[in-house]
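**Q** Here you go, one structure.
The values are calculated or read from the model by the stated rules, or taken from the named source; none is laboratory data. The shown structure was predicted, so the numbers you read here are calculated from the model rather than taken from an experiment. Glycine gets a Cβ as well: all are built from the backbone with ideal geometry, and neighbour counts include every protein chain shown.
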Amino acid sequence: MAFTHRTTNSGTESLAADPKAESNVGSSSSSTNHLAPKNYAGAVSGLVDQLGKLPGIGRKSAERLAFHLLRVREDEALALAEAIRRVRQDVRYCSACYNLAETELCSICSDPNRDTTRLCVVEQPRDLMSLEQSSAYQGLYHVLLGRIAPLDGIGPDQLTIEALVDRVRLGEFREVIMATNPTVEGDGTSLYISNLLSEFPVQMTRLARGITAGSVLEYANREMIADALTGRQKL
């Protein structure tokens, strides 16, 4: 299930289901409600149905996963259930950058050795992790939790853009690196944010176009991402 940010009255950010993702699940659930044959035991049928709702998991894959869980040791199956419970209960969004965290601040925002003059803007936490694995960037991040996509009903107000503007206004950043995915929506989001931040004394840059247009950062290798960061261009 995808997540989007929700602001509570206390200002605490918690994980919440993405409405768009929920609608997708709803539309696909009609085809998965009876995913398992009726001759399966009720518990097995329910497990197959739930596994079939995961992205990229069809009927056959759901059945294979279900029967794998039936074959493994009980402690292994229960460890998976506990991991799912913990991630839903303990994981939240960092109050500063909206990365995934288990405390108020994520490990990056709380690291005193990070370069606080550079801010890299990404769409999702998984994009942040791809950039981190390249070891080519030591600044801070801001996670938008999506991208502007009018055709999907996603506008600027549904992202963390307002929080981004506040960070740039109050922070000591000298450079903001737009690292949205090289898609039509990603480029549009980058342009929109660049216009918003034009009033501030920061240099706006973007990743070099070494990453194939239409692709996403999480599938790019470390060398490609490192080159894109090193060769970033002015916006």
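**Q** If I go through region 94-114 residue by residue, how many of them are in contact with a Lys or Arg (Cβ under 9 Å, 6 or more places away or on another chain), touching a residue at least 12 places away in the same chain (Cβ under 8 Å) and either in a strand (DSSP E or B) or among the charged types (D, E, K, R) (or both)?
**A** Within region 94-114, the subset in contact with a Lys or Arg (Cβ under 9 Å, 6 or more places away or on another chain) is 96-97, 100-104, 108.
The next check asks that each one be touching a residue at least 12 places away in the same chain (Cβ under 8 Å); those that pass are 96-97, 100, 102, 108.
Narrowing the set further to residues that are either in a strand (DSSP E or B) or among the charged types (D, E, K, R) (or both) leaves 100, 102.
So the count comes out to 2.
**Q** List, please: which pairs have Cβ atoms under 9 Å, are six or more places apart or on different chains, and start with a residue in region 70-83 that is outside any helix (DSSP H, G or I) and end with one that is of a type outside the set (S, T, N, Q) and modelled with pLDDT of 95 or more?
**A** What qualifies is V72/L80.
**Q** Taking only region 157-212 into account, find how many residues are β-branched (V, I, T) and part of a loop (DSSP other than H, G, I, E, B). Let's see the steps before the verdict.
**A** Applying the first criterion (β-branched (V, I, T)) to region 157-212 yields 160-161, 165, 168, 176-177, 180, 183-184, 189, 193, 202, 205, 211-212.
Then keep just the ones that are part of a loop (DSSP other than H, G, I, E, B); that gives 160, 180, 183, 202, 211-212.
Summing the residues that are β-branched (V, I, T) and part of a loop (DSSP other than H, G, I, E, B) in region 157-212 gives 6.
**Q** Only one residue in R114, R118 is among the charged types (D, E, K, R), over 19 Å from the mean Cα position of the chain (by Cα), surrounded by 18 or more Cβ atoms within 10 Å (Cβ to Cβ) and within 16 Å of L229 (Cβ to Cβ), so which one is that? Break it down into steps so the answer makes sense when it comes.
**A** Numbers: R114 fails: surrounded by 18 or more Cβ atoms within 10 Å (Cβ to Cβ).
Selected residue: R118, the only one of R114, R118 that is among the charged types (D, E, K, R), over 19 Å from the mean Cα position of the chain (by Cα), surrounded by 18 or more Cβ atoms within 10 Å (Cβ to Cβ) and within 16 Å of L229 (Cβ to Cβ).
**Q** From S95, S190, S198, which residue is loosely packed, with under 14 Cβ neighbours inside 10 Å and either polar (S, T, N, Q) or at positive phi (or both)? Full working, then the answer.
**A** Numbers: S95 fails: loosely packed, with under 14 Cβ neighbours inside 10 Å; S190 fails: loosely packed, with under 14 Cβ neighbours inside 10 Å.
Only one candidate qualifies: S198.
**Q** Within region 189-231, work out how many residues are modelled with pLDDT of 95 or more, closer than 23 Å to I154 by Cα and either in contact with a helix residue (DSSP H, G or I) (Cβ under 9 Å, 6 or more places away or on another chain) or not assigned by TED's automatic domain parsing to the domain that holds E132 (or both).
**A** Final tally of qualifying residues: 5.
**Q** Say whether the condition of being at pLDDT below 95, in contact with a Phe, Trp or Tyr (Cβ under 9 Å, 6 or more places away or on another chain), in a loop (DSSP other than H, G, I, E, B) and not small (G, A, S) is met by at least one residue in region 35-54.
**A** no
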